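Visitor: Have a look at this one before I ask anything.
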Amino acid sequence: MKILPQSVYQTILHSSNKQSIKQNSKLNVDSVQLSNMSKNPDYVPAKMLLSLLNSTLSGKKADASLFTDRSYEDWVRMYNLGHDNAVTPLLLDGLKNTPEIKIPDDVLENMKLTTDFAKRYHMKQEKILGEVIQLSAENGIATVPIKGLGFSLNYPDPQKRFGGDIDVFNFKLGEDSSKPENNMSHAFDDIFVKKGYTIKDNNPKHSEFHYKGMPIENHRNFLDVDNKYNIPDMKKLNDYLFKVLNPTEKVLPMGTKTLVPSKEFNNVFLAFHSMTHFILGGINFHHLSDWAVHIKKNSLVIPEEVKGTILEKFMYAMTNLSNKYLGTNVKAPQNKKLEDAIFSKMLDPMDNYSGFRIPRPETKNPLKVLMYKYNVIKTEESRKAELLGPQMGSVKKALFKSVKAHIASPKTFLHLFKLI
């Protein structure tokens, strides 16, 4: 599933305040403060956001002292951070739980607008999922949404968990979902091909199409078994997810009956999904919020299939971050370096001001552009190796993959010397 903070989740921040905010954009604040935020766990707007998010998930009051004498810019930065992390709809209940917090009217108005949009989007997704489930059932197929709508039922208000596309797995109605012969992903695609929809099918993990404007990913596997990310134990973990899918029926907020995966499935799938976002870019407080909701309800369980893998290390790190910032209390071994790196990426989910970011060259000199791209690869691979183990970071392998991809598509060779 892709979180869509820049498009679907875009909200205009109107302002009647004296300090001007451009419509259709976020407030421009000075770059020094922005560049410092990803390196500073005491960044005040992040503390404000996490206190409200903690309050929403726990039902307890937020720390009102964090909001005393805050500047208007602090509030807007908090709003922007919530926007980029796709968690703004989850902050309003924290404000309701703590009425002594005084928020600027225009920021509150736009938080309400964003929340209203998220709820309407959730309703739209539920309606479309209901139609998809019905079409599947008419063709002997059972459809299971993974993450997204089904998982939102674990939140105090499911409609405030923002989603992007709809991820589904399909198996033969009435049969064992874990058996390969009951995988009906191709038959599911055929239903929509016959209705005139175009299916994008160039990924062994899932196909993609848009149904009535809603992006849908139809999973053949839960993880990328072709392992283009170079993550060890991919196939073993994918097999485990099939074994524990065990879907049961639940009811969504508007009354749609749907199958949802087991807590054992969510435990590994949510963690792995978040880990790939961390490795590839894009992990945010939305992922941490999901993890907090999950471990608060189900505690932390490390299956035998996960023990000794890099995923185990990542699950511990996410658990400790959840304990620190979102009020859970689940014991896990600490790895401060990994935890700090994950949190740093969450503070900068658009990856604009990361401490790992390599400055783009101001010149179009082809050799300098090529050297810039090499340094980006080198830095990213070094970071992976340091945080997740030597098997996760290899400059040679990354360069080989890049060359291989350009050989497969020769027209892209020119892109090596361009800033895109």
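The values are calculated or read from the model by the stated rules, or taken from the named source; none is laboratory data. Being a predicted model, the structure only gives us computed values, none of them experimental. Methodologically, a virtual Cβ is constructed for each residue, glycine included, from the backbone with ideal geometry; neighbour enumeration extends over all protein chains shown.
Visitor: Going through segment 183-208 one residue at a time, which ones are in contact with a strand residue (DSSP E or B) (Cβ under 8 Å, 6 or more places away or on another chain) and either over 14 Å from Thr143 (Cβ atoms) or of a type in the set (Gly, Ala, Ser) (or both)?
Guide: Those that are in contact with a strand residue (DSSP E or B) (Cβ under 8 Å, 6 or more places away or on another chain) and either over 14 Å from Thr143 (Cβ atoms) or of a type in the set (Gly, Ala, Ser) (or both): Ser185, Ala187, Tyr197, Thr198, Ile199, Lys200, Asp201, Lys205, Ser207, Glu208.
Visitor: While we're here: Kindly indicate the residue of segment 195-221 that is outside any strand (DSSP E or B) and touching a Lys or Arg at 6+ places or on another chain (Cβ under 8 Å) and also surrounded by the fewest Cβ atoms within 10 Å (Cβ to Cβ) among those meeting that condition. Walk me through how you get there before you give the answer.
Guide: Taking segment 195-221 and keeping what is outside any strand (DSSP E or B), we get 195-199, 201-205, 212-213, 220-221.
Now drop any that are not touching a Lys or Arg at 6+ places or on another chain (Cβ under 8 Å), which leaves 204-205, 220-221.
On the way: Pro204: 13, Lys205: 16, Arg220: 18, Asn221: 20.
Filtering first and then ranking leaves Pro204.
Visitor: When you scan segment 126-150, how many residues do you find that are more than 17 Å from Ala187 (Cα to Cα), among the hydrophobic types (A, V, I, L, M, F, W, C) and surrounded by fewer than 19 Cβ atoms within 10 Å (Cβ to Cβ)?
Guide: 1
Visitor: Which numbered condition trips up Ala142, out of (1) at pLDDT 95 or above; (2) under 20 Å from the mean Cα position of the chain (by Cα)?
Guide: Here Ala142 clears every test but (2).
Visitor: Criterion first (farther than 21 Å from Leu173 by Cβ, acidic (Asp, Glu) and surrounded by fewer than 18 Cβ atoms within 10 Å (Cβ to Cβ)) does Glu264 satisfy it?
Guide: yes
Visitor: While we're here: Among residues belonging to segment 291-325 that are of a type in the set (Gly, Ala, Ser) and closer than 18 Å to Ser58 by Cα, point out the one that is surrounded by the fewest Cβ atoms within 10 Å (Cβ to Cβ).
Guide: Filtering first and then ranking leaves Ser299.
Visitor: Looking at segment 231-249, which of its residues are more than 20 Å from the chain's Cα centre (by Cα) and not aliphatic (A, V, I, L, M)? Show your work before the answer.
Guide: Filtering segment 231-249 down to residues more than 20 Å from the chain's Cα centre (by Cα) leaves 232-233, 235-236, 239-240, 242-249.
Those that are more than 20 Å from the chain's Cα centre (by Cα) and not aliphatic (A, V, I, L, M): Pro232, Asp233, Lys235, Lys236, Asp239, Tyr240, Phe242, Lys243, Asn246, Pro247, Thr248, Glu249.
Visitor: Quick check on segment 254-313: of everything there that is of a type in the set (A, V, I, L, M) and in contact with a strand residue (DSSP E or B) (Cβ under 6 Å, 6 or more places away or on another chain), which residue is nearest to Tyr325 (Cα to Cα)? If you could, list the steps in order and put the result at the bottom.
Guide: Restricting attention to segment 254-313, the residues satisfying the condition of being of a type in the set (A, V, I, L, M) are 254, 259-260, 268, 270-271, 275, 279-280, 283, 288, 292-293, 295, 300-302, 306, 310-311.
Keeping just the survivors that are in contact with a strand residue (DSSP E or B) (Cβ under 6 Å, 6 or more places away or on another chain) gives 259-260.
Values: Leu259: 31, Val260: 28 Å.
Once the filter is applied, the top-ranked residue is Val260.
Visitor: A follow-up question, please. Checking the structure you have, find out if any residue of segment 282-295 is free of Cβ contacts under 8 Å to residues at least 60 places away in the same chain, out of contact with any Ser or Thr (no Cβ under 6 Å at 6 or more places or on another chain) and of a type outside the set (A, V, I, L, M).
Guide: Among the residues of segment 282-295, not one is free of Cβ contacts under 8 Å to residues at least 60 places away in the same chain, out of contact with any Ser or Thr (no Cβ under 6 Å at 6 or more places or on another chain) and of a type outside the set (A, V, I, L, M), which makes the answer no.
Each row is one residue, and each column tells you yes or no for (1) over 18 Å from Thr328 (Cα atoms); (2) in a helix (DSSP H, G or I).
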| position | (1), (2) |
| --- | --- |
| Pro45 | yes, yes |
| Ala62 | no, no |
| Ser65 | yes, yes |
| Arg70 | yes, no |
| Leu95 | yes, yes |
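Visitor: Are any residues in segment 72-93 of a type outside the set (A, V, I, L, M), under 16 Å from Pro45 (Cβ atoms) and in a helix (DSSP H, G or I), and if so, which ones?
Guide: The answer is Tyr72, Glu73, Asp74, Trp75, Arg77, Tyr79, Asn80, Gly82, His83, Asp84, Thr88.
Visitor: Taking the conditions exactly as written (part of a helix (DSSP H, G or I) and either over 29 Å from the mean Cα position of the chain (by Cα) or surrounded by fewer than 12 Cβ atoms within 10 Å (Cβ to Cβ) (or both)), does Lys364 satisfy them or not?
Guide: So Lys364 fails the test.
Visitor: Could you list, in sequence order, the residues of segment 344-379 that are among the acidic types (Asp, Glu) and modelled with pLDDT of 75 or more? Let's see the steps before the verdict.
Guide: To start, the set of residues in segment 344-379 that are among the acidic types (Asp, Glu) comprises 348, 351, 362.
Result: Asp348, Glu362.
Visitor: Within segment 242-259, is even one residue closer than 30 Å to Asp348 by Cα, buried (at least 18 other Cβ atoms within 10 Å of the Cβ) and of a type in the set (A, V, I, L, M)?
Guide: Scanning segment 242-259 turns up no residue that is closer than 30 Å to Asp348 by Cα, buried (at least 18 other Cβ atoms within 10 Å of the Cβ) and of a type in the set (A, V, I, L, M).
Visitor: Test of understanding: among Lys324, Lys243, which residue is touching a residue at least 60 places away in the same chain (Cβ under 8 Å) and not in a loop (DSSP other than H, G, I, E, B)?
Guide: Just one listed residue meets the conditions, Lys243.
Visitor: Mind telling me which of the residues His273, His206, His294, His287 ends up being within 17 Å of the chain's Cα centre (by Cα) and modelled with pLDDT under 95?
Guide: Every option except His273 fails the conditions.
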